[in-house]
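Remarks on the structure that follows.
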Amino acid sequence: MKNCILIIALLIVGCQHQVERPLTESEKLADKQYYQFFGWMLFGDGDEDTAIESLFKSAEAGNAEAQIELGGCYAERPDLIKREKPDIDSAIIWWLRAAEQDEWMTQRDLAYYYADIQDWKQAEFWLKRAKKNGYKDKELHKRIRRNL
């Protein structure tokens, strides 16, 4: 029983994260705008046009989650942002903005994207950035190394 309590205590302490700096007013607004879009997309809350406009404003204000989402809309769901067809170039622009903010999942996705189009230097660059942020993928690393 003592061991279980000790393990639970260690898990709780280990799961706590560092205190983050308070958000600026512009960051709070960008978050609010992102969640307006998110609420509309998931639950149908609010007005579609306002939600889409909010996503763009949030992404332009530097909200990494909004940038990732907007990139995804350009690549996979252009209908959500009132576009007729996918636009990979625009998606990459938004994903690069999020990746520059050390979003490791986006860095990983960019590494895979560049590996798929055989831009091995860019693939290596983004994989290294993702690794610095805790991502591990030996197979992708080997694939990139074989082709450099």
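The residue list Ala59, Trp40, Leu80 was ranked by how far each Cα lies along the charge dipole of region 13-84 toward its positive end, using unit charges on Cβ atoms, and Ala59 comes out on top. Which one of Met105, Phe125, Trp94 is farthest out on the positive end of the charge dipole of the chain, using unit charges on Cβ (Lys, Arg +1; Asp, Glu -1) and the Cα centre as origin? So the residue furthest toward the plus end is Phe125. For region 30-92, the gyration tensor built on C-alpha atoms gives an oblate shape. Its axis ratio a/c (a ≥ b ≥ c) is at least 1.5, and a/b is not larger than b/c. Note on the chain: with charges restricted to the Cβ of Lys and Arg (+1) and Asp and Glu (-1), its dipole about the Cα centre is near 1220 debye. Measuring r between the beta carbons of Asp137 and Ile93 and using R0 = 25 Å, the FRET efficiency lands at 0.55. Sorted on the mean count of surrounding Cβ atoms within 10 Å across their residues, most packed first, peptides 79-87, 57-65, 117-125 read 57-65, 117-125, 79-87. For region 69-144, would you read off the P(r) tail past 22 Å as a percentage of all alpha carbon pairs? So the portion of pairs separated by more than 22 Å is 25 percent. Each residue, Asp116 and Leu23, gets one label point 7 Å from its Cα in the Cβ direction; the gap between the two is 3.1 nm.
In the chain, the alpha-carbon atoms span a convex hull of 158 Å³ per residue.
Summary of packing: across the peptides 43-52, 101-110, the per-residue average of other C-beta atoms within 10 Å ranks them, highest first, as 101-110, 43-52.
Rule-based calculations on the coordinates, nothing more; no lab input. Please read all numbers here as calculations on a predicted model, not as lab measurements. Glycine gets a Cβ as well: all are built from the backbone with ideal geometry, and neighbour counts include every protein chain shown.
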